[in-house]
Every structure is written in C-alpha cells, then in structure tokens.
Amino acid sequence: MPPQTRILAGDCTVRFEGTRDRIQRGHVVVLVKPDRTVLVHDADGYQPVAWLTRPDDVTIEHDGTAFSLRAHADSQELLVTSNAACGFESFDVSDAGVPVGTCPDCDGPLIRVRGEIACLDCEERYGLPAGATVLDDHCEECGLPRMRVDRGDAFELCVDYACESLSAAVRERFDEEWTCPDCGAPLRVRSPDGRIFLGCEAYPDCETSFSFPAGTVVDDCECGLPRFRTASGERCLDGGCEVDQPRTESAQ
Ligand SMILES: [Zn+2]
Ligand SMILES: [Zn+2]
Ligand SMILES: [Zn+2]
Ligand SMILES: [Zn+2]
C-alpha cells in the first residue's frame, strides 16, 4: 500500500507542551505525514502554528464527527482535539521530484528523486550513478531517459544499466589505458559490485588499485597517472600522490 498523509480539519483546540507550553484554538488543518510528522496550519502564511517533526508516536482517534490527536517526542507533546463537526481524509502521497519522462512499463510519470528515477504509478526504480545528469533525450531501445555521467570521459547512456552499462562503457574506453605506478603492469577497469575502480593486472601479486573518480580526465600528473577534474577540484587519480599534492611547503 502506498504511504498516506492524513488530513484532519475543523474547529480545534491545539495544546503544545514542551520548552514553552501553549494553547490555541481556531479553524485549522492538521497534516499527519507518513513519517508521523504533524503540522497544524491556520489561515495565515506558510508556517504551521504548531508542529512536531517525526515524533516517536502519533495516536489518532476519530468517530466520524470528532477527533483527537496526540503526538509525542521526548519531552514534547502535541494534542489536537476537535470542538465541532470536522473533516477527516487520507490521501496517497509519494516523494516529489523533477519530472523526467514516462515509464515504459506502465506509462506513468517518471520523476528524479534522491539519486534515482522512480515511477509514480508502479514500483519501477532506476538507481543513478553518483553525479549523473539526466538528459532531455530518451533511449531508443527502451524509452527511458538518458543520462550523462563523468567517469574519465563524459558518457551518455540509458539510465537502465541492463540496457547500457556504465562499467562496460568505462572498461571499453579506459581498460589498460594507464600503467600501475608500482609495478608497470596495465591498470584494468574492474567493477565487481557496481563500484568502478582501476586495479593492477598483476593482482594479487600487486594490490595497487584506485577508485574511479566522478570526473573527467584533464591532463597527466607528473607521476604518470591521469589527473581528473571533479566537483571538488582537480586531482591525480592517486588521492595520495605526493607529486600532485606536496604535503607541506617546509618538506621541500
Ligand atoms: Zn511505471
Ligand atoms: Zn534503454
Ligand atoms: Zn602493479
Ligand atoms: Zn600523481
């Protein structure tokens, strides 16, 4: 069952007990979110007149004509009781995200939310690699949105890895492109669990490996490895490279 937000409305008395006790009465609307967050809104502004964010528990009693709500978090308590005929409804809710297309399985709307693409109408979800940008165009094979992902180069791929695999694209482009700084063997693109890294071909004799940065190659480091431009700046593939990042001025 999808998560639901409950909405209670009417002439209510609102008691808040915490750092500062308060009692208010008015025609209000009370939202109870799936994470139990309670918001009491009156006629004015965007800000609730009383609220509790993710309280430990929420108890609602209602008999069709009246209700009472009690929410409790640590030393705070919020109590809302209706004084006259009131409304009580529940609605399905979901995360809200940027619309990015149409679900090929059910024609439902696709949204981008917290590192994945989700369908609002079915269970379909596609995890996005770190730093991915969802593009306006769509995959000709399956109809899903395409994305841009920087892994050494800028790759444009279907968001479904079963359709177009990022690790396969990175392997095709960068396998054996660089050599191991410790033994001179080629560095191989490996992705045993979805995570992409460069590992020495001589493994297990040589255990040198580097995680593949989420950025593009801009030039070569003096150590022979590539330098990447990432969201946090430019750096050698080897995060501990001493040529690229002199430890201290005085050490030279
Ligand atoms: Zn769907
Ligand atoms: Zn596709
Ligand atoms: Zn090696
Ligand atoms: Zn370096």
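No lab work stands behind these numbers, since they all come straight from the coordinates. All values reported here derive from a predicted model rather than from experimental measurement. With ideal geometry, Cβ positions are generated from the backbone for all residues, glycine too; neighbour counts draw on all protein chains shown.
What the Cα convex hull of segment 175-242 gives, in volume per residue, is 90 Å³. The GNM of the chain, with springs linking C-alpha atoms under 10 angstrom apart, assigns the highest mean-square fluctuation among 223, 236, 103 to 223. Between segment 22-80 and segment 206-220, the C-alpha centres lie 51 angstrom from each other. Dipole magnitude for the chain: computed about the Cα centre from +1 point charges on Lys and Arg Cβ and -1 point charges on Asp and Glu Cβ, it is near 1040 debye. Note on residue 43 and residue 148: with the Förster distance fixed at 35 Å, the Cβ-Cβ geometry gives a FRET efficiency of about 0.15. Annotation note: trypsin sites (Lys or Arg not before Pro) in segment 146-238 located in DSSP loop regions with a Cβ neighbour count of at most 16 within 10 Å are 195. Along the axis of the charge dipole computed for segment 98-237 (Cβ charges of +1 for Lys and Arg, -1 for Asp and Glu, origin at the Cα centre), the listed residues 206, 169, 122 are led at the positive end by 206. With a simple spin-label model that places each label point 7 Å from the Cα along the Cα-to-Cβ direction, the separation between residue 27 and residue 75 comes to 3.8 nm.
Can you classify segment 4-92 as rounded, prolate or oblate using the Cα gyration tensor, where a ≥ b ≥ c are the square roots of its eigenvalues, rounded means a/c under 1.5, and otherwise it's prolate if a/b beats b/c and oblate if not?
It comes out rounded by the Cα gyration axes.
Taking chymotrypsin sites (Phe, Trp or Tyr not before Pro) across segment 1-65, the ones in a DSSP loop with at most 11 further Cβ atoms lying within 10 angstrom of their Cβ are 46. For segment 1-45, the list of trypsin sites (Lys or Arg not before Pro) that fall in a loop by DSSP and count at most 11 other C-beta atoms within 10 angstrom reads 20.
What do you get when you divide the Cα radius of gyration of the chain by 2.2 N^0.38 Å, with N the number of residues? Walk me through the intermediate numbers first.
Numbers: Rg = 27.3 Å, N = 252, 2.2 N^0.38 = 18.0 Å.
Computed over Cα atoms of the chain, the ratio equals 1.52.
Computed from the Kirkwood radius of its Cα pairs, the Stokes-Einstein diffusion coefficient for segment 65-154 at 4 °C and 1.567 mPa s stands at 78 µm²/s.
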